[in-house]
Amino acid sequence: MSGLLDGVRVLDFTQVIAGPACTRLMAEMGAEVIKVELAPSGDYARGMPLTRDGRSAYFFQHNQGKLSLCLDLGRPRARAMVGELVKKADVMVENFSPGVIGRLGFGWDQVHALNPELIMCSISAFGQTGPLAPLPGFDFIAQAYAGITSMIGDPDGPPSLTGFAVGDVGTGITALAAINAALFARSRGQGGRHLDISILDFYFHAHEINVEMASLGAWEPHRTGQHHGTVTPLGIFATRDGYLYIVVLQQMWPRFCAAMGRPDLEHDARFAGAPERVTNRDALNALVQDWLMTLQGRDAALALLQTARIPVAPILSVKEAMAHPHMVGRGTVRDVCDPALGPFQVTGNPIRDLGGGTIVPGRAPYLGEHNRQVLARHAGVKAADLDVLERDGTLVSEPVPTNAA
């Protein structure tokens, strides 16, 4: 079956993660994604670890299934050719700092004049407006401004670093949602539009309970370490041979008491309701911890709580998660192969179309690999002109190995 975005053409002026995460998913939904890279080096993620023979596994993961066009946008001829691509594109995505894309010649007013039906999505750390907008930023910087970092770590220690790109990837998925909504609106005659998506906005939106609680004066959000601040028991507990994440909400409390072999706790005045359990969280968490240590280990506790329909999970390492049968079976972890990197694994696609409209993309492109293909097909550039543009440095590319499929 064809992909959900089959026939949609995307100009991708993005780099690193937030923008590429969005356009990678578009490629996996069937869109033709033309990654426009700036000469001479292209997306600087190409140099991020791990690299082997000049190929970056980091770059590969976020740029599967795309076409690479690398050119010097300081040259009028290069800008003219990209202008021709703009005229034929459905979507344009960029994640430069605000103002940069305009200085390159492809700001909203410029591209809208060339193609009134174009949907342009600008992704940035802080958005296109507001006091912080001009500042450079990344995932961690937006996270800090959003009050998220202040919630991570032990209560008596400093805030902690997160070891994953939830803000970048979440922002990319937010951008995808906005783009798809704009494509739907355009199909109903509403024309093109400019979308403003920021990592800061995504992060602040990701607060679970903190904003409304702080606003109402009910609770001062703060780091609570391995246990939740407003629900008990909810957190990370040790077993004899590993850790479990356990979540017990109000309606689950009787089942949890039964699973522990302590039905008396259900009606203990200290734990009878959710507020009482939070007030007496230290005592309750200690009881749960002591009970877990009476069991044979993590797997025994996991099986017992799963049987009782209590939400529970083992705290898996990254390697354990990659090998888990559920992840493997659903393609959550994906096997790929690259001429330089060899076989390895990357993240799969979180969007599942049960009708079959999601595709497994090809490898990530080499720098400028599709210069001639893209410009001949979509900008009408003749072969002889392409030869000249390659010789004078307007177009830049790297050698593609003969074994690159």
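Just so you know, all these numbers are worked out from the coordinates, no wet-lab data involved. Predicted model only: the values in this text are computed from it and were never measured. So basically every Cβ, Gly included, is an ideal-geometry build from the backbone, and we count neighbours across all protein chains shown.
Run the quick spin-label model on R52 and S187: label points 7 Å from Cα toward the beta carbon, then report their separation in nm to one decimal. Those two pseudo-labels are separated by 4.1 nm. Normalised by the number of residues in the range 281-405, the average gap of Cα pairs under 8 Å and 6 or more apart makes the relative contact order 15 percent. Phi-derived couplings, Karplus 6.51 cos²θ - 1.76 cosθ + 1.60 at θ = phi - 60°, listed residue by residue for the range 97-110: 4, x, x, 5, 5, x, 5, 7, x, 9, x, 4, 4, 5 Hz, with x used for Gly and Pro.
The calculated pair-distance distribution of the range 229-273 uses every alpha carbon pair, bins of 10 angstrom beginning at 0, and gives 26, 52, 22, 1 percent. Scaling the Cα radius of gyration of the range 366-405 by the globular reference 2.2 N^0.38 Å produces a ratio of 1.19. The alpha carbon centroids of the range 347-405 and the range 267-324 are separated by 50 Å.
Residues whose amide H lies under 5 Å from that of Y243, counting only those 5 or more places away or on a different chain, are I315; hydrogens are built 1.01 Å from N in the peptide plane.
Per-peptide packing, taken as the mean over residues of other Cβ atoms within 10 Å, places 382-391, 82-91 in the sequence 82-91, 382-391 from highest down. May I ask you to list the residues of the range 52-71 whose amide nitrogen lies under 20 Å from a point 7 Å from Cα along the Cα→beta-carbon direction of F344? Residues 52-68 qualify, since their backbone N sits under 20 Å from the label point. Expressed as a fraction of 2.2 N^0.38 Å, the C-alpha radius of gyration for the range 100-239 is 1.33.
For the range 187-330, what is the relative contact order in percent, using Cα pairs closer than 8 Å and at least 6 residues apart in sequence? Over the range 187-330, the number comes to 23 percent. The lysines within cross-link reach of K319, meaning a Cα-to-Cα straight distance under 29 Å and a gap of 8 or more places when in the same chain, are K66. Taking all Cα-Cα distances within the range 1-154, those exceeding 25 Å account for 35%.
Normalised by 2.2 N^0.38 Å, where N is the number of residues, the C-alpha radius of gyration of the range 284-336 stands at 1.44.
For the range 160-269, just say rounded, prolate or oblate: build the C-alpha gyration tensor, square-root its eigenvalues into a ≥ b ≥ c, call rounded for a/c under 1.5, and beyond that prolate if a/b exceeds b/c, oblate if not. Prolate is the answer for the range 160-269, as a/c is 1.5 or above and a/b outweighs b/c. Overall dimensions of the chain, expressed as equivalent-ellipsoid semi-axes from the Cα gyration tensor (√(5λ), whole Å, largest first), are 48, 24, 19. Debye calculation, C-alpha points only, no solvent: report log10 I(q)/I(0) for the range 223-368 at q = 0.12, 0.18, 0.19, 0.20 Å⁻¹, in the same order as the q values. Debye output, listed in q order: -0.65, -1.02, -1.09, -1.17. Taking every alpha-carbon pair under 8 Å whose residues sit at least 6 apart, the chain reaches a relative contact order of 20 percent. With distances taken between every two different alpha-carbon atoms, the range 115-189 has a Kirkwood hydrodynamic radius of 14.7 Å.
In order along the range 313-318, the Karplus-derived 3J(HN,Hα) couplings, from 6.51 cos²θ - 1.76 cosθ + 1.60 at θ = phi - 60°, round to 8, x, 7, 7, 6, 4 Hz, and Gly and Pro are given as x.
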